[in-house]
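A short write-up of the structure that comes next.
The values are calculated or read from the model by the stated rules, or taken from the named source; none is laboratory data. From a predicted model like this one, the values you see are computed outputs, not experimental measurements. No Cβ is skipped: glycine too gets one built from the backbone with ideal geometry, and neighbour counts run over all protein chains shown. Areas reflect the complete protein model, heavy atoms only, side chains present, ligands, DNA and RNA absent. Shrake-Rupley method; radii C 1.70, N 1.55, O 1.52, S 1.80 Å.
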Amino acid sequence: MIYLGIDTSNSPLAIALMSDDTVLIEETTNLKINHSLTAMPAIEEMMKKAKITPKDLTHIAVAEGPGSYTGVRIGLTIAKTLAWSLKIPLHLVSSLKVLAANGQHFDGLICPIMDARRGTVFTGLYAGHSLESVIEDQHSDLKEFLEKVKILNKPVLFTGIDIAVHEGVIREAMGDLALFSAPQNRLPRAVNLIMLAKDVAAEDVHHAVPEYQRITEAEANYIKSQEGQVS
């Protein structure tokens, strides 16, 4: 079986090809480049390097979000198009769980962080080793979320490229319970995405949707406008 993994849910672009349990090629970039312009050409070039053709693919794995609205949509659109046209299974995995997998062997809890601005984050809490969800993925005020985490009184490994933005708040809230992954272990890895996807049932391509964890700004503005009309 040959898996293609795609994660465009945040600023990094992570793609990989695996044949059964063998990593054929993995590429990760952390440049602020529009995924709509770079993702598909990068996938095509990677497949060319690995001498893999589209007809060789047997599974597509994609990060479903949360993250950048645009980034999540781009990755899922590419994945759905490939899965539909090639008639192969499509597997969706939480973008936060993909990040949590960076610390899978940590003896404690793992907290992936994606900045969502204005003191809020996309985050969740996972058990080390098993990566089972301890606190579900969510969009949350970081300080409020950390209050829930601290109650558990266990060491927590924070990971994700955005933890540097919130390190001060995390240290203040968690004290000695907070540990931080090394910089090289903060990027999403498409190989981890594929390994997680192997334990996830395939989705119906036509019903696969992004997991944003919050409504878009346009939706929020529409709701406000409707509330104003009612009042």
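Relative to the longest principal axis of the Cα atoms of the chain, helix 163-174 runs at roughly 40 degrees.
For Phe180, the residues whose amide H sits under 5 Å from its own are Phe158, ignoring neighbours fewer than 5 places away on the same chain, with H placed 1.01 Å from N. Phi-derived couplings, Karplus 6.51 cos²θ - 1.76 cosθ + 1.60 at θ = phi - 60°, listed residue by residue for region 181-197: 5, 5, x, 6, 10, 9, 8, x, 10, 5, 5, 4, 4, 5, 4, 5, 5 Hz, with x used for Gly and Pro.
Where is the GNM fluctuation largest for the chain (alpha-carbon springs, 10 angstrom cutoff): Asn30, Asn153, Asn185? Top of the fluctuation ranking is Asn153.
Nonpolar atom fraction for the chain, defined as the carbon and sulfur part of the 1.4 Å probe accessible area, stands at 53 percent.
Shown here is the pair-distance distribution of region 121-193: with all Cα-Cα distances grouped in 10 Å bins from zero up to the longest one, the shares run 18, 57, 24, 1 percent. Accessible area per residue for the chain is 51 Å², calculated with a 1.4 Å probe on protein heavy atoms, without ligands, DNA or RNA.
To the nearest 20 debye, what is the magnitude of the charge dipole of the chain about its Cα centre, counting +1 on the Cβ of each Lys and Arg and -1 on the Cβ of each Asp and Glu? Walk me through the intermediate numbers first.
Working: 21 positive and 28 negative charges, 83 e Å.
It comes to approximately 400 debye.
Considering only Gly5, Ala116, Tyr212, and ranking their Cα positions along the charge dipole of the chain that arises from unit charges at the beta-carbon of Lys, Arg, Asp and Glu, the one farthest toward the positive end is Gly5. The calculated pair-distance distribution of region 16-61 uses every alpha carbon pair, bins of 10 angstrom beginning at 0, and gives 22, 56, 21, 1 percent. According to the square roots a ≥ b ≥ c of the eigenvalues of the Cα gyration tensor, what is the shape class of the chain, taking rounded for a/c under 1.5, prolate for a/b larger than b/c otherwise, and oblate for the remainder? It is oblate, given that a/c is not under 1.5 and a/b is not larger than b/c. Dipole check for region 1-103: with +1 at the C-beta of Lys and Arg, -1 at the C-beta of Asp and Glu, and the Cα centre as origin, the magnitude is about 260 Debye.
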